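Enquirer: Take this structure first; my questions come after.
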Amino acid sequence: MRSGDQSIALGRQKAGSSKGGAGAYLLLTGVIALLLVVNAITALALYFAPEINGLLREDNSSILTAYEQRITELRLEVDRLHSRQYAQMGDMNLQMHELVQQQEVLSEQHEYVRALTEMAREMGVSGQAAAPDTMTTGSITAQPLAFNGDTALLADTLLAMQEETRMALVSLSDAATLSTDEIVSGLRGIGIEPDVAVNGVGGPFIPAGGEPGSIIDEANAVADALARYQSARRALLAAPIQLPVNGAGTITSSFGNRTDPFLKRAAFHAGIDFRATTGTPVLAAASGTVRVAATNGGYGKMVEIDHGNGLTTRYAHMSQIGVSVGQTITGGQQLGLAGSTGRSTGPHLHFEVRKGGSAIDPSRFIAAGRTLAAYLQ
């Protein structure tokens, strides 16, 4: 019986314990639920409180306003960058346009300079005349320069080319002027006053003046200098200063009073005699027109040439005449052959220079020819 009573007592004890645990759990659950409800009510109260609600709304609007201002500033900065880029591109395009125009002008000027240089070479301008051709043709090209994006470098290159061309033109003008002055001085020494007034020369037309920094003034100065040189050289070629025979031209009898070879008494010799064997070519002392080509008394077979400005030359005692009256002659052209016709003691060439019909000393002309020989080529 005791064991049965003990079992009953244990069962009752366990049942009491189970009821106590369930109550505690329910109590804990109720407390937690109550806390959650209180927290929810408190949160709602705080949210709906005017001060808290206003604070939250004010912070949000401030943040949104700040973001909007920042976005606006960024947009303005982008617009400024685009505007600056467009402006820079516009400036670069304008600079390129100006540089291309400048290069086109330089190319046109280059052709003018080339024409002037070729003209100087054809005229025989000596001294520094060769330098401008090398400088101008080597510096200015008719083809556009390669552009690597550096407008400043291209501008400097074009400026250097222009300055080099200007120096070349100045050099060419100086050479032509010096040559002209030397010719004029030599001709004045024999009584010839050449007309070297500027009448213009051929070549491409470029208006006087030009844009600032252009080379038009220098180019026109060269053209004027070449025109003066051309006039001086034309007068030179018409001056009887070339030897009438090839070689050293040994003079056997001078101009002036001498003993006549036939009468053995004093007589005036109107020219100079050059040593020449029969058949030696007789050459014109300058360009001109044949006025006489026939036998003329004591002169024997004679040629007389009119060189203009009252100057004439005579070539006497020839064995053969090779030109005719009215024929145009150039300096150095063969007129016939030396001989001993007329009043002559042996083969030679009698050469006279006359001005206004009066005989003058040919030796002065021959000396001037030796001095100015370089300009006769």
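Enquirer: Which three extents, in angstrom, do the Cα atoms of segment 251-376 have along their principal axes, listed largest first?
Expert: 41, 29, 26
Enquirer: Same structure, new question: List the chymotrypsin sites (Phe, Trp or Tyr not before Pro) within segment 272-349 that DSSP assigns to loop and that have no more than 13 neighbouring Cβ atoms inside 10 Å.
Expert: none
Enquirer: Using the per-residue mean of other Cβ atoms lying within 10 Å as a proxy for protection, in what order, highest first, do the peptides 68-77, 338-347 fall?
Expert: Ranked by mean Cβ neighbours within 10 Å, highest first: 338-347, 68-77.
Enquirer: List the trypsin sites (Lys or Arg not before Pro) in segment 254-324 that DSSP assigns to loop (not H, G, I, E or B) and whose Cβ has at most 15 other Cβ atoms within 10 Å. Which are they?
Expert: Passing sites in segment 254-324 are Lys264, Arg265.
Only the coordinates and a few stated rules stand behind these numbers; no lab work does. Bear in mind the structure is a predicted one, so any value in this text is a computation, not a measurement. Heads up, the Cβs are rebuilt from the backbone with ideal geometry, glycines too, and the neighbour counts pull from every protein chain shown.
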